[in-house]
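Reviewing the structure listed below.
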Amino acid sequence: MSAETKEREPLFSAKNIKLVTKPLNMDNPITVQVLGICSALAVTAKLKPAIVMSISVMVVLAASNVVVSLLRNGIPQRIRIIVQLVVIATMVILVDQVLKAFVYDISKQLSVFVGLIITNCILMGRLEAFAMGNKPWPAFLDGIGNALGYGLILVIIAFFRELLGSGTLFDFRVIPQSFYDLGYKNNGLMILPPMALITVGVIIWIQRNRNRDLIEK
Amino acid sequence: MQEIFNIFIKSIFVDNMVFAYFLGMCSYLAVSKTVKTSVGLGMAVVFVLGITVPVDYLLNEYILKPGALAWAGAEFADVDLSFLSFIIFIAIIASMVQLVEMVVEKFSPSLYASLGIFLPLIAVNCAILGGSLFMQERDYQSIGQATAFGLGSGLGWFLAIVGIAAIREKIRYSNVPPALRGLGITFIITGLMGIAFMSFLGIKL
């Protein structure tokens, strides 16, 4: 195409490392880009499904990013959404089958939300915004970075919901029995969907207080 | 008939797509800044769900389910094509949305302009695919039940987005802390609306 420089960008240059670190805070897919909210709220009642979901999204996002990036010069404008959907759907089918084979009980807990990774806005969002215009290696890093940002928020939400809602972490009892004997009760509301929304609202509040430039005018 | 009505009411209030299952949140958050655009998008979602869920039900029943292909001949009775569900459902949804887009562009160009990119984005609205996947998981017994579920889910989503848009229009004049403005307060309000909708939990007709 145009005059591409002969010297290749080092694999882990500052620019590439930024692709992985930026989505962790300043460009977080959930709290800043407002993508991937649906699944973030639905699977975070406990830590285990949240982590399995984050890993699944990471695999699908990184793989789809690379495939679409490799194909980017050959996709006709008109059908590009369909091509992206097909790539994502294929990856998700693979991941779904792997989950069903190796961690069946968690796959049942996640139920339709593994399939819903297909419509997870993070995937379409990153494919459109990044993979369609960048080389495979940066696209791969972008995928990993955004999935890590997504996973970070999921783990934070799940941590609080499971701790306060069931008194466990990873299904290990963390709040000692003595607390229960003194009258402490698990906050059942935390397990229910609305509290996940409020928890994310509070996370956004804290994040924007610490980073004033994220505040909307 | 009773069952169909039950499913319909349940899917609007109790199993509300937004408040109980968090589906369709991205467009819900992005389009709910004014009531006008919310009503337009909401109607489009009702229409798409009302058509894709019954169509996917038929596909599931006669092609995808384990043993569904028995009508084609005894040798096909063992075939299980359910792993193809994702791709087939998404294909139907994408086509329906393309159709809706063409209809809206023809009959209401102003609505088409104000919805912008969010009309084609209905194709990746988790609520639509979620509707079909829930229908498949819950194994409804007839196309009537599937249609009631589809329409009800769409209406529930419509209710949610118009509700939050109305509230967002009002709180524009309220004293929201800077860090909560916009996205943060919307999340918290949606959470409170979710708690309110939980009051429907005991309904049984």
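Loop-located chymotrypsin sites (Phe, Trp or Tyr not before Pro) in segment A:117-217 (DSSP state other than H, G, I, E, B) with a sparse environment of at most 14 neighbouring Cβ atoms within 10 Å: A:Phe170, A:Tyr184.
Pairs of Cα atoms nearer than 8 Å and 6+ residues apart set the relative contact order; for chain A it is 33 percent.
For the residue pairs B:Lys10/B:Lys65; A:Lys108/B:Lys10; A:Lys48/A:Lys135, the alpha carbons lie more than 27 Å apart in A:Lys48/A:Lys135.
Atom-type composition of the exposed protein surface of the protein assembly as shown places 67 percent of the accessible area on carbon and sulfur (1.4 angstrom probe).
In the context of the full set of protein chains, chain A has a per residue accessible area of 50 Å² (1.4 Å probe). As a ratio to 2.2 N^0.38 Å, the alpha-carbon radius of gyration computed for the protein assembly as shown takes the value 1.00.
For A:Asp27, A:Asp213, the ranking by accessible surface with the largest value first comes to A:Asp213, A:Asp27, using a 1.4 Å probe.
Under 27 Å of direct C-alpha separation, and excluding same-chain neighbours fewer than eight residues apart, B:Lys106 reaches these lysines: B:Lys33, B:Lys36.
The candidates B:Trp71, A:Trp137, B:Trp157, arranged from most to least accessible area with a 1.4 Å probe in the full protein assembly, appear as B:Trp71, A:Trp137, B:Trp157.
Among B:Pro177, B:Pro54, B:Pro120, which one shows the highest mean-square fluctuation when chain B is modelled as a Gaussian network with alpha-carbon springs under 10 Å? For chain B, modelled as a Gaussian network with Cα springs under 10 Å, the answer is B:Pro177. The spacing between segment B:28-44 and segment A:59-110, judged by their C-alpha centroids, is 29 Å.
Helical runs (DSSP H, four residues minimum) scored at -39500 (n - 2.57) apiece and divided by the length of the protein assembly as shown put the mean residue ellipticity at 222 nm at -20500 deg cm²/dmol. Exposure check, 1.4 Å probe, all protein chains in place: A:Cys121 carries approximately 20 Å² of accessible surface. Residues of segment A:192-215 that lose at least 20 Å² of accessible area (1.4 Å probe, protein heavy atoms only) when the other protein chains are present, relative to their chain alone, are A:Leu192, A:Pro193, A:Pro194, A:Leu197, A:Ile198, A:Gly201, A:Ile204, A:Trp205, A:Arg208, A:Ile215. For the residues A:Leu189, A:Leu123, A:Leu141, a GNM of chain A with alpha-carbon springs under 10 Å puts the largest fluctuation on A:Leu189.
When all protein chains stay in place and ligands, DNA and RNA are ignored, the 1.4 Å accessible-area order of B:Ile164, B:Ile188, B:Ile87, largest first, is B:Ile87, B:Ile188, B:Ile164. For segment B:2-202, averaging the sequence separation of C-alpha pairs within contact (under 8 Å, six or more residues apart) and dividing by the residue count gives a relative contact order of 41 percent. Could you pull out every whole DSSP H run in chain B that spans at least 24 Å of Cα extent along its own axis and averages -1.0 or higher on the Kyte-Doolittle scale? Helices meeting the span and hydropathy rule in chain B are B:35-59, B:85-107, B:143-171. Once each part is reduced to its C-alpha centroid, what is the distance from segment A:146-217 to segment B:99-169 in angstrom? One Cα centre to the other: 30 Å.
Accessible area buried by the pairing of B and A, both sides summed with a 1.4 Å probe, works out to roughly 3400 Å². Only protein heavy atoms count here; under a 1.4 Å probe, A:Val83 has an accessible surface of about 40 Å². Helices that extend 30 Å or more along their long axis by alpha-carbon positions and average at least 1.6 on the Kyte-Doolittle scale are, among the DSSP H runs of chain A, A:47-71, A:80-102. Viscosity 1.002 mPa s, temperature 20 °C: give me the Stokes-Einstein translational D for segment B:2-202 in µm²/s, with Rh taken as the Kirkwood radius over C-alpha pairs. Estimated diffusion coefficient is 120 µm²/s. Rolling a 1.4 Å probe across all protein chains gives B:Phe83 an accessible area of roughly 100 Å².
Name the residues of segment A:40-86, by number, that are at least 50 Å² less accessible with every protein chain in place than in the isolated chain; the surface is that of heavy atoms, probe 1.4 Å, without ligands or nucleic acids. Buried by 50 Å² or more upon assembly, which counts only protein chains, are A:Leu85. Between amide H atoms placed 1.01 Å from N, distances below 5 Å from A:Leu169 occur with A:Val174, all of them 5 or more places distant or on a separate chain.
The values are calculated or read from the model by the stated rules, or taken from the named source; none is laboratory data. The structure displayed is predicted, hence computed values, not measured ones. A quick note on method: Cβ atoms are made from the backbone with ideal geometry, for glycine too, and the neighbour counts reach across all protein chains shown. When the accessible area is computed, the model is the full protein with side chains, heavy atoms only, and any ligands, DNA or RNA have been set aside. Shrake-Rupley method; radii C 1.70, N 1.55, O 1.52, S 1.80 Å.
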